[in-house]
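Only one structure is covered here, and it is reproduced in the block below.
The values are calculated or read from the model by the stated rules, or taken from the named source; none is laboratory data. Only a predicted model underlies this, so the values are computations on that prediction, with no experimental measurement involved. Counting neighbours? That spans all protein chains shown, and the Cβs are built from the backbone with ideal geometry, glycine included.
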Amino acid sequence: MITDCHTHIFPPEVRDKREDFFDHEPAFKLLYGVPGSRLSGADELIRNMDNEGVDKSVVFGFPWHSQDYFKKNNDYVMDVAERHKDRLIGFSTFFPLAEGAEKELERCLKSGLSGIGELAFYTSTIAKDTLKAFEPIAEIARKCDLPILLHTNESVGHHYPGKTEMTLKEICDFLQCFPDNKIILAHWGGGLFFYYLMKRDIKGLLRNTWFDTAASPYLYDKEIYSIASKIVGPDRILFGSDFPLLNPGRYFKDMKEAGLSKDAIRKICGENAALLLTKLH
């Protein structure tokens, strides 16, 4: 079974008139005000899954600041996840420090959503006061044994919309504050997995951490799959396409060309997700 752990979907009103949602949402405008940026719905995603051979997808919207917007997006995710239980697994999404975020998470979990994310700090940093304010969300996730998917990016290299000034230390501080939470670091954790080779501290810090592959073809050579598998093990990597940014086939091709074993590909593309996400059992 192949599971895509990182896809974005939006309700029709957002897809049809995205510019109506730019006001007071600078992060959304930053990512989706770019010419050519795509917004997808559940039907388009499922058609793509059928074409690409994907069995299940984790779906979420955008980390909106506005309560009206994140409720609208989460309502859509709840609706399609309920209607397509055999294909879609919904996560609850909102700006982590938004007013009403804690109540929204509780509402989403009561409605059957299976995780939290993709959470992101596109226009701010993960400072100490940020971590303190995030504690109630992390505690709910810990008690419910649900994963938190956190947007990360590398702090060097080329610029692209949504790339922040996030540092590896900020990511480490986040993990250190919430050591008992299951954390998925999107986009390879900004390269944090490389530091698993250090003799002290980092191995323990990453004990409840997974890395997803979202946007890999845009960011790294295909060898990242074999190198990451050698460093942290293929059981700590989750296939994520970042659809509609990229189609899954791009990733499958790179994994094969990187020389991964069939066993490693099975783990990355589905078996690890089945162990991590209770909705897949």
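Quick check on Ala215: is it in contact with a helix residue (DSSP H, G or I) (Cβ under 6 Å, 6 or more places away or on another chain), on the phi > 0 side of the Ramachandran plot and modelled with pLDDT of 95 or more?
On the way: in contact with a helix residue (DSSP H, G or I) (Cβ under 6 Å, 6 or more places away or on another chain): yes; on the phi > 0 side of the Ramachandran plot: yes; modelled with pLDDT of 95 or more: yes.
Here the answer is yes, as Ala215 does meet what is asked.
Pick out the one residue from Arg47, Arg38 that is in a loop (DSSP other than H, G, I, E, B) and of a type in the set (Lys, Arg).
Arg38
If you check Asp263, Asp235, which single one turns out to be modelled with pLDDT of 95 or more, of a type in the set (D, E, K, R) and either surrounded by 21 or more Cβ atoms within 10 Å (Cβ to Cβ) or in contact with a Lys or Arg (Cβ under 6 Å, 6 or more places away or on another chain) (or both)? It would help to see each step written out before you state the result.
Values: Asp263 fails: either surrounded by 21 or more Cβ atoms within 10 Å (Cβ to Cβ) or in contact with a Lys or Arg (Cβ under 6 Å, 6 or more places away or on another chain) (or both).
That would be Asp235, the only listed residue that is modelled with pLDDT of 95 or more, of a type in the set (D, E, K, R) and either surrounded by 21 or more Cβ atoms within 10 Å (Cβ to Cβ) or in contact with a Lys or Arg (Cβ under 6 Å, 6 or more places away or on another chain) (or both).
Which of the residues spanning the range 216-262 are over 29 Å from Gly36 (Cβ atoms) and among the hydroxyl-bearing types (Ser, Thr, Tyr)?
Those that are over 29 Å from Gly36 (Cβ atoms) and among the hydroxyl-bearing types (Ser, Thr, Tyr): Ser226, Ser229, Ser261.
Give Leu146, Leu131 a once-over and let me know the one that is closer than 25 Å to Pro26 by Cβ and of a type outside the set (Asp, Glu).
Values: Leu146 fails: closer than 25 Å to Pro26 by Cβ.
One residue alone meets the criteria, Leu131.
Test Gly162 against the criterion of being over 27 Å from Gly233 (Cα atoms) and either of a type in the set (Gly, Ala, Ser) or free of Cβ contacts under 8 Å to residues at least 12 places away in the same chain (or both), and give yes or no.
Details: over 27 Å from Gly233 (Cα atoms): yes; either of a type in the set (Gly, Ala, Ser) or free of Cβ contacts under 8 Å to residues at least 12 places away in the same chain (or both): yes.
Yes, satisfied.
Could you check, for the range 128-144, whether at least one of its residues is in a loop (DSSP other than H, G, I, E, B) and either modelled with pLDDT of 95 or more or within 16 Å of the chain's Cα centre (by Cα) (or both)? Outline the logic, then answer.
Our first condition is that a residue be in a loop (DSSP other than H, G, I, E, B); within the range 128-144, this holds for none.
Checked the range 128-144: no residue is in a loop (DSSP other than H, G, I, E, B) and either modelled with pLDDT of 95 or more or within 16 Å of the chain's Cα centre (by Cα) (or both).
Could you tell me whether Thr125 is over 26 Å from Asp235 (Cα atoms), of a type in the set (S, T, N, Q) and not in a helix (DSSP H, G or I)? Full working, then the answer.
Numbers: over 26 Å from Asp235 (Cα atoms): yes; of a type in the set (S, T, N, Q): yes; not in a helix (DSSP H, G or I): yes.
Yes.
How many residues does the range 68-97 hold that are in a loop (DSSP other than H, G, I, E, B), modelled with pLDDT of 95 or more and over 16 Å from His6 (Cα atoms)? Talk me through it step by step, then tell me what you get.
As a first pass, look at the range 68-97 and keep what is in a loop (DSSP other than H, G, I, E, B): 84-87, 91, 93-97.
If we keep only those that are modelled with pLDDT of 95 or more too, we end up with 84-87, 91, 93-95.
Among the residues that remain, those that are also over 16 Å from His6 (Cα atoms) are: 84-86, 95.
The total comes to 4.
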